[in-house]
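This report concerns only the one structure given below.
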Amino acid sequence: MAADALSEMYTRLMDHFGPQSWWPGETPFEVMVGAILTQNTNWGNVEKAMQRLKDAGLLSLEKMVELPSGLLAEYIRPAGYYNIKATRLLNLCRCIVTHGDGTVAGFLAQPLTQLRAQLLSVKGIGQETADSILLYAAQFPVFVVDTYTYRVLSRHNLVGETTSYEEMQALFMDNLNADVKVFNEYHALLVQVGKQYCRKKNPACSSCPLYGI
């Protein structure tokens with residue numbers, strides 16, 4: 001039943017919204033930076049911060065890892081929580097340099113389990129951010145779970161109030177084919193339906209493309 005429901009939800013969301021082509025970023029490193037900057041803010045603010053880094057020629061591992069935390073914080077100020085995020089970005093940069101061959105490509109080329117453990121060891125990177133990097137930057141078939149995922153699934157009785165991140169992730173990964181493109185689009189589509197219809201307050205259930213499931 002879960003597999004059928006998840007497949008129908010994906011089909012309806014794709015028919016309604018079309019491909020989302022996530023995650024914005026010209027390089028895997030940009031995707032990784034964006035995954036941290038988007039914590040507790042909207043993507044519009046992230047884009048402003050990313051553009052400031054691009055304009056200054058700092059959106060690369062080699063440049064960013066050499067920046068003082070305070071200076072990096074000023075560049076990413078539009079993303080909010082800039083001091084905290086600057087520290088997290090530098091923590092990630094040092095982790096990349098330390099593991100693999102010291103390059104982004106070498107870091108992301110590690111086995112999935114090993115790479116996920118290293119990402120989670122970085123202070124400030126939790127499961128959602130780590131899995132976003134694994135899916136969008138490293139191209140591993142890992143499903144990303146966020147607040148929208150929980151809200152949509154719980155309102156359609158696919159998960160309960162106490163369902164953990166791991167259990168929600170397993171629901172998708174156990175019932176869908178391990179396809180990077182599908183996991184990519186599905187996550188983005190759940191965000192869209194969560195923002196536009198399955199809102200925290202005043203959800204628009206009757207006009208939602210998932211109505212009736």
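Tabulated data
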item	result
Subset of segment 37-51 [under 13 Å from the mean Cα position of the chain (by Cα) and either farther than 20 Å from Gln20 by Cα or open to solvent by 10 Å² or more (accessible area, probe 1.4 Å) (or both)]	Thr38, Gln39, Asn40, Thr41, Asn42, Trp43
Pair list, Cβ under 8 Å, 6 or more apart: segment 33-54 residue within 14 Å of Thr129 (Cα to Cα), other residue outside any helix (DSSP H, G or I) and of a type in the set (Val, Ile, Thr)	Ile36/Ile125; Leu37/Ile76
Residue among Arg151, Arg155 that alone is more than 29 Å from Val104 (Cβ to Cβ) and surrounded by fewer than 17 Cβ atoms within 10 Å (Cβ to Cβ)	Arg155
Only one of Asp4, Asp101, Asp55 that is open to solvent by 50 Å² or more (accessible area, probe 1.4 Å), within 30 Å of Cys208 (Cβ to Cβ) and of a type in the set (Asp, Glu)	Asp4
Filter result for Ser121 (touching an Asp or Glu at 6+ places or on another chain (Cβ under 9 Å), farther than 14 Å from His187 by Cα, hydroxyl-bearing (Ser, Thr, Tyr) and open to solvent by 30 Å² or more (accessible area, probe 1.4 Å))	no
Output for segment 13-35, where each listed residue is open to solvent by 70 Å² or more (accessible area, probe 1.4 Å) and either among the polar types (S, T, N, Q) or at pLDDT 95 or above (or both)	Asp15, His16, Pro19, Ser21
One residue from Gln139, Gln114, Gln110 being open to solvent by 60 Å² or more (accessible area, probe 1.4 Å), outside any helix (DSSP H, G or I) and within 26 Å of Phe172 (Cβ to Cβ)	Gln139
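The values are calculated or read from the model by the stated rules, or taken from the named source; none is laboratory data. Everything numeric here is computed off the predicted structure, so don't read it as measured data. Ideal geometry is used to build each Cβ from the backbone, glycine not excepted, and the neighbour counts take in all protein chains shown. To get the accessible areas, we keep the full protein, side chains included, count just its heavy atoms, and leave off ligands, DNA and RNA. Shrake-Rupley method; radii C 1.70, N 1.55, O 1.52, S 1.80 Å.
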